[in-house]
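Below is one structure, written out as structure tokens; the observations come after it.
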Amino acid sequence: MFNKIIKRGGRKGQRADGAEPAQRPAAPSSSSGGGGGAGAPAPVTVNHASRASAPSPSSPTSPHAAAPSFAFSAANNPASQPSPPLLEPLPLLRDVAAADRPGLLLRKLRLVAALFDFSDSLKHPREKEAKRQALLELVDYVQAPSPAANANAPVRLPENVQEALVAAISINIVRPLPPALHESAAAIDPGAAPDDEEEPYLDPAWPHLQLVYELLLRYVVSPDTDTKVAKRYVDHAFVLRLLDLFDSEDPREREYLKTVLHRIYGKFMVHRPFIRKAINNVFYRFIFETERHNGIGELLEILGSIINGFALPMKEEHKLFLSRALIPLHKPKSVAIYHQQLSYCIVQFVEKDYKLADTVIRGLLKYWPVTNCQKEVLFLGELEEVLEATQPAEFQRCMVPLFKQIGRCLNSSHFQVAERALFLWNNDHIVSLIAQNRSVIFPIIFEALERNIQSHWNQAVHGLTANVSKMFLDMDSELFEECQQQYIEKQARAKEMEEQRESAWRQLEAAVAAKA
């Protein structure tokens, strides 16, 4: 009996000693960040940070360091129950008085600021659904039309609500992006070539991220958003974070980012120079350092509409942007991915200011590919669009180096390059420019045409070359015959020099044989 009493006392003592650590698993680190009192029944704030870089609950920058956005009952202990704790329900915004809506908005925004791990669909499904419903309600509220003007009516989006709104959006979208496909392949096999056919990474959290981006977009375009107030929160740092996200592999996210940044550029005039400069810096890093970026095409689409709105006379800043950023974008190997958008921006510049045609054409010639035939076809297509917007005076400045390059393209052994170069003569404006300067262009291009007729292997190229030669003959028969005579004389001289060279070699071989 004495031994039993001793054992019971020992067990009671162990339970009392271990009471505090026994209840700590009530807020596991995977789903909660609130430490709180060990055995206190008070509600704790849960930090659903699913990424290593998310701020800790004790950090002053953490969204969970403020008043709890939602509370959990201490009775729902995840250590003892498999299901996650339930959220306290919040009323709908339409069900509360207008004066109480700012407070309810802040509570819903704190709920939206909670982060979840979307890679596991079975983890916290109810909390994720509650956050989704809150986002849908906030999107509807922000995009809803304002009621009739009333001096006594409260502001729909007070300044503190706007601050909390931008903070909640930042917490959700500003995150470390997963390693790119080429980075993952290089980590496994440093010598492996990148696989262009690999599927892009699609973020499993996109159903929620899409609602967050939609909320940001509706906030930016909302007539209730006063730019004088909003620019304090949609500031330069926020814009830079958006630009960083353009490197996302998910095309759906880049599409939303493109729309949002374009709207910010349109509404926040104070940010326009900074946005242009920041995009320039992205391009510089891509061209001269990494040559890898997923969002160059989307950024060029934004710039296409920006360039369209440039006033004349064009600022020197914009001309420098053309020569230092846009033209060098032809250099990277991956230019085919964004070439359509780049070509549109280049042509916009020439259409805005025809004097830039010479700069653009010489820039294209500077970065003209030597061994990449597919890239040459793209350059020839862009060159045709630029020439179509070129005036005769600007054409005369660059026509000699231009048609020397076109002549090399005509003689390309890759039939698509030769064919695309010959298609330039299908453009009436280009033909008229050539006709006005035929005395200079004919002698440059004639030899290339004759070589094609005599020795090119492709029948389609043969036919197109014959058509161009006939066009030259109809345009100026005397000049054509003169160029033909010069070509025959040049060929005769070349043949004579070849015979002299062979004769000299024969004499040298005979002299060596005689000495031997």
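The values are calculated or read from the model by the stated rules, or taken from the named source; none is laboratory data. Keep in mind the model is a prediction, meaning the values are calculated, not measured. Ideal geometry is used to build each Cβ from the backbone, glycine not excepted, and the neighbour counts take in all protein chains shown. For accessibility, only protein heavy atoms count, side chains too; no ligands or nucleic acids. Shrake-Rupley method; radii C 1.70, N 1.55, O 1.52, S 1.80 Å.
Some values worked out for this structure:
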{"item": "Candidate set: the range 486-516, residues that are open to solvent by 80 Å² or more (accessible area, probe 1.4 Å) and of a type in the set (A, V, I, L, M, F, W, C); chosen: the one farthest from Ala448 (Cα to Cα)", "result": "Ala516"}
{"item": "Selection status of Val440, of a type in the set (Val, Ile, Thr), out of contact with any helix residue (DSSP H, G or I) (no Cβ under 9 Å at 6 or more places or on another chain) and part of a helix (DSSP H, G or I)", "result": "no"}
{"item": "Any pair with Cβ under 7 angstrom, 6 or more apart, that starts in the range 399-410 at a residue that is within 14 Å of Ile430 (Cβ to Cβ) and ends at one that is open to solvent by 10 Å² or more (accessible area, probe 1.4 Å) and among the hydrophobic types (A, V, I, L, M, F, W, C)", "result": "Met399/Val440; Leu402/Leu365; Phe403/Ile444"}
{"item": "Residue that is closer than 22 Å to Glu214 by Cβ and either in contact (Cβ under 8 Å) with a residue 60 or more places away in the chain or part of a helix (DSSP H, G or I) (or both), where the choices are Ile307, Ile302, Ile327, Ile279", "result": "Ile302"}
{"item": "Hey, Cys483 modelled with pLDDT of 95 or more, open to solvent by less than 50 Å² (accessible area, probe 1.4 Å) and part of a helix (DSSP H, G or I) or not", "result": "no"}
{"item": "Which numbered condition Gln459 misses (of (1) out of contact with any helix residue (DSSP H, G or I) (no Cβ under 8 Å at 6 or more places or on another chain); (2) closer than 18 Å to Phe403 by Cα; (3) open to solvent by 90 Å² or more (accessible area, probe 1.4 Å))", "result": "(2)"}
{"item": "Of all residues in the range 395-443 being of a type in the set (A, V, I, L, M, F, W, C) and open to solvent by 50 Å² or more (accessible area, probe 1.4 Å), the one that is nearest to His462 (Cα to Cα)", "result": "Phe415"}
{"item": "Per-region count, the range 117-133, residues under 17 Å from Glu88 (Cα atoms) and either open to solvent by 10 Å² or more (accessible area, probe 1.4 Å) or not in a helix (DSSP H, G or I) (or both)", "result": "8"}
{"item": "For Pro178: the one exception among (1) within 18 Å of Gln210 (Cβ to Cβ); (2) at pLDDT 85 or above; (3) outside any helix (DSSP H, G or I)", "result": "(2)"}
{"item": "Selection count, the range 462-480, where residues are among the aromatic types (Phe, Trp, Tyr) and open to solvent by 60 Å² or more (accessible area, probe 1.4 Å)", "result": "0"}
{"item": "Counted residues, the range 402-437 - those being part of a helix (DSSP H, G or I) and polar (S, T, N, Q)", "result": "5"}
{"item": "Residue check for Ala466: among the small types (Gly, Ala, Ser), closer than 13 Å to Leu410 by Cβ and in a helix (DSSP H, G or I)", "result": "yes"}
{"item": "The listed residue being among the aliphatic types (A, V, I, L, M) and within 41 Å of the chain's Cα centre (by Cα), out of Ile434, Ile488, Ile453", "result": "Ile434"}
{"item": "So Glu384, is it of a type in the set (Asp, Glu), in a helix (DSSP H, G or I) and open to solvent by 70 Å² or more (accessible area, probe 1.4 Å)", "result": "no"}
{"item": "Residues (open to solvent by less than 10 Å² (accessible area, probe 1.4 Å) and not acidic (Asp, Glu)) located in the range 249-270", "result": "Leu257, Val260, Leu261, Ile264, Phe268"}
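For every residue, the table says whether it meets (1) open to solvent by 60 Å² or more (accessible area, probe 1.4 Å); (2) at pLDDT 85 or above; (3) at negative phi.
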| position | (1), (2), (3) |
| --- | --- |
| Ala186 | no, no, yes |
| Ala192 | no, no, yes |
| Asp195 | yes, no, yes |
| Glu198 | yes, no, yes |
| Glu214 | no, yes, yes |
| Val221 | no, yes, yes |
| Lys228 | yes, yes, yes |
| Val234 | no, yes, yes |
